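Notes to accompany the following structure.
All of the numbers you see were taken from the coordinates with simple rules; none came from a lab. Quick caveat, the model's predicted, so the values are computed rather than measured. Using ideal geometry, Cβ is built from the backbone for each residue, glycine included, and neighbour counts are taken over all protein chains shown.
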Amino acid sequence: MDPVNASLAEIHDRLGAIADGEVADYIPQLASADPRTFGLALVSMSGHCYSAGDIDEPFSIQSVSKPFVYALALSELGPAEVSRRVGAEPSGEAFNAISLEPGTGRPANPMVNAGAIVTTSLVPAADPRDRFERILACLSAFAGRSLDVDEDVYRSEVETGDRNRALAYLMRGAGSLSGDVDETVRTYFRQCSIRVRVADLAVMAATLANGGVNPVTGDRVIAEPVAVRALAVMATCGMYDTAGEWLLRVGLPAKSGVSGGLIACSPARFGIAVHSPPLDRAGNPVRGVVALTELSQRFALHLMHQPGRHIATVTEVTTALDQPSFRARTPGERAVLDREGHHIVVIRAQGVLEFTETEHLLHALRESVPDAPGWIVLDLDRVTRIAVGPATMLGSALAGLASTGHELAIAAREPLLDPVADPAPWTPFRSRAEAVAWCEDRLLATTAAQPSG
Ligand code: DON
């Protein structure tokens, strides 16, 4: 068995014996869940699914829907409008607490019921049916398949959801919830009743961990900044009144629900989901909490864990003396290049350039800048991506070098850096050979223009 499946199977077999916790019964339909049900699924950034235990058991998504509907509202309205209506502070209270800001009535965060009800009401739609259809379509895109509703759970919630109705009326009274209370609460109940399997939740979590792109279907579901915001709110508020302890012990953005679902997202690594109906006093699935605590420790997943540098960024620093171009030269030109070739410095980098890697590259650049007039070839052919902020750092460092009398050539098959000025302070080339040859030509032209002697 492959090692990831083996880890999940081992955790499943051992933690299956835990008999603590109570199946939620405040929604009668949930009380019929089998407390022995226990399934785990993990979806990687390459879209591979690993699983163990009861993975075919359907259940209602409940509060695990909240970060996804929050992401939908953010996508539709933007962060400013959403934060005007729902806060982002942990309430330190239970999921169904009356966590409203004194004065404004604004709910504390979108992960508690009050905040989730307002978030649901914010999803723009032509009518109530349309609002729910948009929510269902969004959650389906996160899951990578068409989800449906467990009508029995929905009816059960409608019949017994007075506390949520009371919350909604309070918020309407305070002015923080606009629109029809009954319609909003019904849409929220329907959202909670969307039927999933544990692997669906793992794909949904993996989509958030993957910056908003579903790693199974390849579809972008939400923009990256929206995924970042949803993950941030999950990290601080996803586990209700145990959110602080959770961040301490597991260190991953997570969200639980009363039917026993629990997701956790390891950014750029994977999404994981557990289904196990017995809950602890905070409303979190007992086996899920233990499973994720163990997995986080075993695979060093805590967000604050220092992962170490994966690969060297700068793989070569050389000059045209050691690595000349293959362009044909006359004996006179060859003599000049043999004498002056050290004025052409070649630096090769690789991988993704985030802040740390770019800082490293800029340091190497500073260390090896030739005296002016000098030429620098930045060989970025093996760089796969430059993050936005780091691209600005690199662009302005190159502009600085250009302003001190250096000529710059960037070699890359794909354009990686937007020109910071017009004309750009560097000349792009499709290959390093062309870039070095161009620098040699410039050096020869400069030398020829100078009086000999
Ligand atoms: O609002 C409710 O009562 C449920 N439909 C959803 C709550 C929930 O899952 C809270 N999570 N722990």
Problem - Full-stretch length increase - Asp182, Ser46 - with 0.36 nm per residue and alpha-carbon distance subtracted - result: 44.8 nm
Practice task
With only Lys, Arg, Asp and Glu charged, each at its Cβ (+1 for the first two, -1 for the last two), find how big the charge dipole of the range 21-163 is about the Cα centre; round to the nearest 20 debye.
Solution key: 600
Handout entry: Cα centroid separation - the range 387-453 against the range 75-135, whole Å
Key = 50
Problem - Estimated distance in nm for a label pair at Arg145 and Arg129, the labels positioned 7 Å out from Cα along Cα-to-Cβ - result: 2.7
Exercise for the section: Using only Cα atoms, find the angle between the long axis of helix 181-192 and the longest principal axis of the chain, and express it within 0 to 90 degrees, rounded to the nearest 10. Expected result: 70
Practice task
Taking the dipole about the Cα centre of the range 26-173, with the C-beta of Lys and Arg at +1 and of Asp and Glu at -1, give me whichever of Ala114, Ser156, Leu100 is farthest to the positive side.
Solution key: Leu100
Problem - Efficiency of FRET from Cβ geometry, Asp280 and Glu101, R₀ 25 Å, rounded to 0.05 - result: 0.35
Practice task
Highest first, please rank the peptides 82-93, 393-404, 194-205 by the mean number of other Cβ atoms sitting within 10 Å of their residues.
Solution key: 194-205, 82-93, 393-404
Practice task
Return Ser65, Ser193 ranked ascending by Cβ neighbour count within 10 Å, so the fewest neighbours appear first.
Solution key: Ser193, Ser65
Fill in the blank from the handout: With label points set 7 Å from each Cα along the Cα-to-Cβ direction at Leu248 and Asp418, the distance between them in nm comes to 4.4
Completion exercise
Rg (one decimal) and Dmax (whole number) from the Cα set of the chain, in Å, equal 28.3, 97
Practice task
Using only alpha carbon pairs under 8 Å that are at least six residues apart, calculate the relative contact order of the chain and give it in whole percent.
Solution key: 15
Practice task
Check each of the trypsin sites (Lys or Arg not before Pro) in the range 239-297 and keep only those in coil by DSSP with at most 14 other C-beta atoms within 10 angstrom; list them in order.
Solution key: Arg281
Completion exercise
Placing +1 on each Lys and Arg Cβ and -1 on each Asp and Glu Cβ in the chain, then taking the dipole about the Cα centre, the residue among Leu177, Ala435, Ile135 whose Cα reaches farthest towards the positive end is Ala435
Problem - Linear extension gain, Ser32 paired with Glu316, 0.36 nm per residue minus alpha-carbon span - result: 95.9 nm
Handout entry: Electrostatic dipole magnitude of the range 314-449 [Cβ: Lys, Arg +1; Asp, Glu -1; Cα centre; debye, to 20]
Key = 260
Practice task
Please report how far the C-alpha centroid of the range 219-277 lies from that of the range 140-208, rounded to the nearest whole angstrom.
Solution key: 18
Handout entry: Size of electric dipole in the chain: Cβ of Lys, Arg +1 and of Asp, Glu -1, about Cα centre, debye, nearest 20
Key = 340
Practice task
Compute the relative contact order of the range 1-160 as a whole-number percentage, counting only Cα pairs closer than 8 Å that sit 6 or more residues apart in sequence.
Solution key: 20
Practice task
Compute the acute angle (0 to 90°) between the alpha-carbon long axis of helix 224-237 and the principal axis of greatest extent of the alpha-carbon atoms of the chain; round to the nearest 10°.
Solution key: 50
Handout entry: Using alpha-carbon coordinates, inclination of helix 286-298 to the longest axis of the chain, degrees
Key = 20
Problem - Relative contact order of the range 314-449, defined on C-alpha pairs under 8 angstrom at six or more residues apart (%) - result: 26
